[in-house]
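The values are calculated or read from the model by the stated rules, or taken from the named source; none is laboratory data. In this text, all values refer to a predicted model and were calculated from it rather than measured experimentally. Using ideal geometry, Cβ is built from the backbone for each residue, glycine included, and neighbour counts are taken over all protein chains shown.
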Amino acid sequence: MIRTQILYVADISFVIIYLELVPGCLVLESGTESGSCKGCSSHGTCLYADSVFLDLPQPWLAIPYAGKMLKQDGILCSFSPCIEQVQRSYIKTFEVLLCMYEVRERKTESFQADDSPALGSLPCKRRHGSNEGSNASSLTIMVRPSTEARGHTGYLTFARLGCLS
């Protein structure tokens, strides 16, 4: 049996937005042994839900039943850590990858002679003051991906009730 894994904040945030959840929405949840989505769902015995969230090893078996539990225009989401699970229940699938970026300011020195721009700088339409033969320092903002990044957690597959019928 394929076991699922915990959903991270990036996945949960994407689910909340894509399911169009607002206070008062009824979400039926099946699976999620880790309980990572309990904060964004409500359990109930009402026959029709705004959304259904599945975290099951064989979601394609539950999709027909989940469709019967949704309100008209309701949305289903299935979390699957393996692409093989997605292939059997594919509707519209996303993979959320979290990549942090490091942003740093760095002071750079440049030398300008005459009216020619410093090597590597962009030409300006208007110059403020005379930089002829002077050293000028400026702040440069450097951005690069962090060496630490969260990789794949799972695939999120979504469908509206109209698409399940």
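If you go through region 82-99 and keep only what is within 15 Å of the chain's Cα centre (by Cα) and outside any strand (DSSP E or B), you end up with Val96, Leu97.
Restricting the search to region 72-89, which residues are out of contact with any Asp or Glu (no Cβ under 6 Å at 6 or more places or on another chain) and either surrounded by 15 or more Cβ atoms within 10 Å (Cβ to Cβ) or closer than 20 Å to Ile12 by Cβ (or both)? Those that are out of contact with any Asp or Glu (no Cβ under 6 Å at 6 or more places or on another chain) and either surrounded by 15 or more Cβ atoms within 10 Å (Cβ to Cβ) or closer than 20 Å to Ile12 by Cβ (or both): Ile75, Leu76, Cys77, Ser78, Ser80, Pro81, Cys82, Gln85, Val86, Ser89.
Report, by residue number, each residue of region 123-147 that is in a strand (DSSP E or B) and modelled with pLDDT under 70. Passing the criteria: Ser134, Asn135, Ala136. Quickly run through region 6-23 and pick out the residues that are surrounded by 12 or more Cβ atoms within 10 Å (Cβ to Cβ) and either over 22 Å from Gln72 (Cβ atoms) or at pLDDT below 85 (or both). Selection gives Ile6, Leu7, Tyr8, Ala10, Asp11, Ile12, Ser13, Phe14.
Residues are listed down the side, and each one gets a yes or a no for (1) under 14 Å from Leu161 (Cα atoms); (2) modelled with pLDDT under 90; (3) outside any helix (DSSP H, G or I):
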position	(1), (2), (3)
Thr4	no, yes, yes
Cys25	no, no, yes
Cys46	no, yes, yes
Asp50	yes, no, yes
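Once region 27-44 is narrowed to residues that are at pLDDT below 75 and within 19 Å of Asp73 (Cβ to Cβ), the residue that is surrounded by the most Cβ atoms within 10 Å (Cβ to Cβ) is Ser41.
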